[in-house]
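The values are calculated or read from the model by the stated rules, or taken from the named source; none is laboratory data. All values derive from a computational prediction rather than experimental measurement. Ideal geometry is used to build each Cβ from the backbone, glycine not excepted, and the neighbour counts take in all protein chains shown.
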Amino acid sequence: MSRTSSLRWAALLLLATSACAARAARSPTRLRDAQVEALRADDPAAAYALLTPELRAATPYEEFEARWKADAAEHQAAIEAAESLPPELSAPIHGGTTVHTGGRVLAWTEVGGELMVSDGLPGRPDTSTPAQTIRAFITAVRRAELAEVRAVLSDGLVDAIDEDWSARVDAIELALEEPGGLELSADLRRAELRYEEGRAVSLEQTPDGWRITGLR
């Protein structure tokens, strides 16, 4: 997986996508296209404007611009990767949201001319982005009922397992909050989050959303 720093700001854009998808100007497709146009024009101001207010607050423009200039030599590779996306990923994505009884919000996506629920159903985690997938994993671990596992372990081992996973998900969550912590591959289909020395969460995009493929 590419670990070039020039794609760190692209990770910020991907993290911003889920928060902005409901606004036409920030749909996933338009956000991607605007990102590529900013690269072609060598326009850090345009790229910075694509970030949400929260991400801009966490990343001063001067820092963003300095990183942009330092990585200028690698921007062409990112442009070529975006231009070589397969048709199923380069086509526009149409969809919307509806609010139902109890305040539940369903997200809909057009697939083959029909609208299908893509998120919001009970028990279905949001895996639309690498960050959301990791958050869903953290939530699942913290909510996990390990009664059956505890029944066959000694008290000392049960405590060790609980402490290990608690510390691990805390470290993962802390790393996830760091701007640019998620690193994307050149084709934007794989991601990695390093959270401790020698430890990382690896993810890959699938037709059903992002999936964690490695945890060490």
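Pairs please, first residue from segment 157-175 and part of a helix (DSSP H, G or I) and among the aliphatic types (A, V, I, L, M), second anywhere and at pLDDT below 80 and surrounded by 13 or more Cβ atoms within 10 Å (Cβ to Cβ), Cβ atoms under 6 Å, 6+ apart in sequence or on different chains.
As it stands, the answer is 158/150, since those pairs meet every condition given.
Does residue 192 satisfy the condition of being at pLDDT 90 or above and closer than 28 Å to residue 48 by Cα? Please lay out each step first, then the result.
Values: at pLDDT 90 or above: yes; closer than 28 Å to residue 48 by Cα: yes.
Here the answer is yes, as residue 192 does meet what is asked.
Regarding residue 210, is this residue surrounded by 15 or more Cβ atoms within 10 Å (Cβ to Cβ), among the aromatic types (Phe, Trp, Tyr) and either touching a residue at least 12 places away in the same chain (Cβ under 8 Å) or touching a strand residue (DSSP E or B) at 6+ places or on another chain (Cβ under 8 Å) (or both)?
Yes; evaluated as a whole, the condition is true for this residue.
Go through (1) modelled with pLDDT under 75; (2) under 20 Å from the mean Cα position of the chain (by Cα) one by one and return the number of the condition residue 112 breaks.
(2)
Taking into account only those residues within segment 57-76 that are surrounded by 14 or more Cβ atoms within 10 Å (Cβ to Cβ) and of a type outside the set (Ser, Thr, Tyr), which is nearest to the chain's Cα centre (by Cα)?
Checking each candidate, the answer is 58.
Against the definition (at pLDDT 70 or above, farther than 24 Å from residue 200 by Cβ and not small (Gly, Ala, Ser)), how does residue 153 come out, yes or no? Give the steps one after another, and end with the answer.
On the way: at pLDDT 70 or above: yes; farther than 24 Å from residue 200 by Cβ: yes; not small (Gly, Ala, Ser): yes.
Yes, satisfied.
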